[in-house]
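Since the structure comes first, as structure tokens, the remarks are kept for the end.
The values are calculated or read from the model by the stated rules, or taken from the named source; none is laboratory data. Please read these numbers as outputs of a predicted model, since none were measured by experiment. Note that each Cβ is placed from the backbone with ideal geometry, even for glycine, and that neighbours are counted across all protein chains shown.
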Amino acid sequence: MIAKETKLKGCFILEPKVFEDSRGYFFESFNQNTFNKLIDKSVNFIQDNESFSSKGVLRGLHYQLGEHAQAKLVRVIKGKVLDVAVDLRKDSLTFGKHVSVELSEENKRQLFIPRGFAHGFIVLSDTAIFSYKCDNFYNKEAEGGVIYNDESLNINWKLNDDEFIISEKDLLLPKLETAKV
């Protein structure tokens with residue numbers, strides 16, 4: 001597996017070595033020792049989550065506050081998504097900047113999103129199964145978010161607005177300038 005740090009310090013794209021033959025393929029999707037060496041940090045994942053969504057479903061931009069902050073390692077098992085991480089670390093040179101990465105069953109890429117980031121994705125294929133590891137348990141009282149179409153973020157979600165399927169809850173999220181971060 002190789003890791004490429006994005007323009008946002010601590011946020012990495014991970015690409016596995018895939019072994020293919022006439023029977024199919026094999027790859028190691030996660031190895032704690034290898035992962036920690038690649039990102040030069042010790043992260044202990046304690047929860048795995050999975051979602052199934054249809055084309056146009058946009059989930060995010062979400063984060064957890066304070067002691068409940070979460071680092072995530074995300075990947076797509078089936079389909080294709082545009083995955084987005086936004087730097088919310090106020091002391092960071094890249095505060096308010098984002099990275100967008102296509103994750104798919106074909107490219108088998110993963111994105112590591114450290115604590116202090118908002119995260120979201122939109123499904124680009126007919127359907128997608130999205131999987132992610134978290135290093136902290138979810139806490140409803142600590143949840144936060146930023147509206148997906150905040151002009152200051154200028155995120156290109158790669159689909160037309162009329163294709164978006166967004167929860168009522170996510171449509172009510174604040175802009176970055178008024179979000180509690």
One residue is enough: does segment 50-73 have a residue meeting the conditions exposed (fewer than 13 other Cβ atoms within 10 Å of the Cβ) and more than 23 Å from Val181 (Cα to Cα)?
yes
Looking at segment 1-24, I want the residues that are closer than 16 Å to Lys41 by Cα and polar (S, T, N, Q) and have a partner that is modelled with pLDDT of 95 or more and assigned to a strand (DSSP E or B) with Cβ atoms under 6 Å, at least 6 apart or on another chain. Which pairs are those?
Thr6/Val99
Can you tell me which residue is surrounded by the most Cβ atoms within 10 Å (Cβ to Cβ) among those in segment 166-181 that are among the basic types (Lys, Arg) and modelled with pLDDT of 95 or more?
Lys175
Would you pick out the residues in segment 97-108 that are buried (at least 18 other Cβ atoms within 10 Å of the Cβ) and not in a strand (DSSP E or B)?
Lys108
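Let's see how each residue does on (1) modelled with pLDDT of 95 or more; (2) in contact with a helix residue (DSSP H, G or I) (Cβ under 9 Å, 6 or more places away or on another chain); (3) buried (at least 19 other Cβ atoms within 10 Å of the Cβ):
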residue: Leu93; (1), (2), (3): yes, no, no
residue: Pro114; (1), (2), (3): yes, yes, yes
residue: Thr127; (1), (2), (3): yes, no, no
residue: Ser131; (1), (2), (3): yes, no, no
residue: Asn136; (1), (2), (3): yes, yes, no
residue: Ala142; (1), (2), (3): yes, yes, no
residue: Tyr148; (1), (2), (3): yes, yes, yes
residue: Glu151; (1), (2), (3): yes, no, no
residue: Phe164; (1), (2), (3): yes, no, no
For segment 25-48, check the following and say yes or no: at least one residue is crowded, with 16+ Cβ neighbours inside 10 Å, in a loop (DSSP other than H, G, I, E, B) and in contact with a helix residue (DSSP H, G or I) (Cβ under 7 Å, 6 or more places away or on another chain).
yes
